[in-house]
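Computed from the coordinates by the stated procedures, all read-outs in this text should not be read as laboratory data. Note that the structure is a prediction, hence the values are computed from the model and not measured. Using ideal geometry, Cβ is built from the backbone for each residue, glycine included, and neighbour counts are taken over all protein chains shown.
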Amino acid sequence: MNKFVTLLFLCLAYHSIVAQGTPAFIEVASALTQPVVIANSGDHTDRLFIVERAGVIQLLKPGSLQIEQTPFLDIRAAVDDNRGEQGLLGLVFDPQYASNGYFYVNYIVNGSPDDKTRISRFKVDSSDSNIADPTSELIILEYDQYAWNHNGGDLHFGPDGYLYIASGDGGGSNDPQGNGQNTSTLLGAILRIDVHNTSIGMNYSIPAGNPFNNEIWLYGLRNPWRFSFDTATGDLYIADVGQNAREEVNVVPAGVGGLNLGWDCREGFINSSGCTGSFHDPIFDYGHNNSNGGYSVTGGYVYQGNTFPNFQGWYFFADFATNRLWRTKGTTAAGLQVDTEILSGVSNISSFGQSESGELYAVSYSGRLYRIIDLDECPLLTLNIPSVTNTAYTAQNFISSSAIVPSNTNLSYGAAEILLNSNFNVPATSSFETLVGICGSR
């Protein structure tokens with residue numbers, strides 16, 4: 001049975017991108033259910049792990065175009081996903097996962113009287129590296145939420161080895177409890193904890209450098225749905241979902257804590273009356289509209305892979321509602337480079353992710369996983385590519401008989417490591433993604 005990879009183009013909204021690449025999304029897997037996170041395990045296996053909001057972590061092996069039949073982890077019984085912003089919301093693998101098998105999740109606890117966020121550690125199964133042990137849960141940290149929304153949920157290890165946690169303001173409209181400006185609550189903040197050293201009565205400790213002598217690293221956030229670290233510089237990128245007017249992207253220099261990012265005194269660059277203080281400015285914001293903005297920002301990553309040099313140093317993010325993709329280059333508003341495109345055939349981007357080699361992926365809430373490529377480096381074609389099964393020359397025959405007609409005996413097809421010619425041979429059961437690496441391997 002054939003598997004399909006569809007190349008989906010981006011229609012440029014304002015101008016053609018020259019010398020900065022032309023982004024496009026290739027569908028590499030489907031049949032997911034409300035995916036919200038993409039992660040890699042950092043253990044040189046090149047696997048991708050996709051979190052489904054209900055409480056399942058799915059697995060995609062390298063070269064495969066199909067999600068594994070057996071999930072990596074299923075904790076649906078423990079997860080409350082009854083309302084749209086609840087569920088299993090975060091996943092990150094321990095920096096020493098290859099040796100200790102630990103990974104961490106962020107979810108809303110099922111059965112609690114009020115919404116409660118739980119950060120837990122799980123361990124991979126001792127006999128099968130493609131499944132986790134569901135009985136291995138160790139609860140690291142819990143804190144109550146004010147309402148069902150604004151839960152944040154993202155998890156990342158920083159360059160310093162500490163675990164960073166995105167916590168929303170607790171929900172409700174206009175931050176009714178004032179959590180965003182309160183450094184005594186764990187809500188409305190980026191938290192930083194040490195999960196490799198414990199304190200008395202806790203399964204973690206508070207790093208000595210935390211600015212408020214508690215778990216808070218940064219504060220003044222409404223709903224930081226997705227954040228990430230630039231793997232080259234260590235700078236922290238935070239996309240904060242706005243309320244009535246603006247969506248914003250903040251960049252915090254590597255190692256800098258204690259900053260006030262403004263909420264609920266500010267939304268984007270807009271100040272509220274009656275608020276005073278020193279606020280850290282976002283680098284970029286956009287308005288709530290359909291023409292050139294959106295309504296719910298999905299933060300992404302700075303591309304630091306090697307396959308697409310035109311993308312180097314650009315931060316990719318999108319709007320969930322209007323299907324607009326942005327790229328920015330720079331860490332302050334002054335002199336920031338900005339490009340924006342409308343996604344064609346791709347909708348409701350709920351999260352971005354990176355492979356081990358730094359290649360970018362994205363998931364649509366409708367259930368599809370995409371690889372982000374540069375059309376300037378790849379064939380400008382829309383076609384269905386079958387997997388190779390039981391026929392050694394299927395790939396060569398398919399290309400020769402399709403719209404891709406070699407003009408001579410050799411045809412370089414996107415990936416430098418693949419050269420198609422009359423003697424081209426492929427092993428049985430190899431997928432086409434494996435052969436051409438979809439314009440470069442993971």
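Percent of C-alpha pairs per 10 Å bin in segment 7-374, short distances first: 5, 26, 36, 25, 7, 0. Pairs of Cα atoms nearer than 8 Å and 6+ residues apart set the relative contact order; for segment 223-344 it is 21 percent.
For segment 12-162, the gyration tensor built on C-alpha atoms gives an oblate shape. Its axis ratio a/c (a ≥ b ≥ c) is at least 1.5, and a/b is not larger than b/c. Between Asn130 and Ser273, the C-beta separation translates, for a Förster distance of 51 Å, into a calculated FRET efficiency of about 0.40.
Each peptide in 234-240, 26-32, 165-171, 119-125 was scored by the mean count of other Cβ atoms within 10 Å over its residues; highest first, the order is 165-171, 234-240, 119-125, 26-32. The length gained on full extension between Ala54 and Gln69, counted as 0.36 nm times the residue separation minus their Cα-Cα distance, comes to 3.7 nm. Taken along the Cα-to-beta-carbon direction at a fixed 7 Å, the label points for Ser199 and Ala98 span 3.3 nm. Going from the fewest other Cβ atoms within 10 Å to the most, the residues Asp114, Asp46, Asp160 appear in the order Asp114, Asp160, Asp46. Measuring nothing but alpha carbons in segment 224-313 and taking Rh as the Kirkwood radius, the Rg to Rh ratio lands at 1.01. Phi angles of segment 235-251 translate, via the Karplus equation with coefficients 6.51, -1.76, 1.60 and θ = phi - 60°, into HN-Hα couplings of 5, 9, 9, 10, 9, 10, 6, x, 10, 10, 10, 9, 10, 9, 10, 10, 10 Hz per residue; Gly and Pro are given as x. Extents of segment 323-362, largest first, come to 31, 27, 13 Å (Cα atoms, principal axes, whole angstrom).
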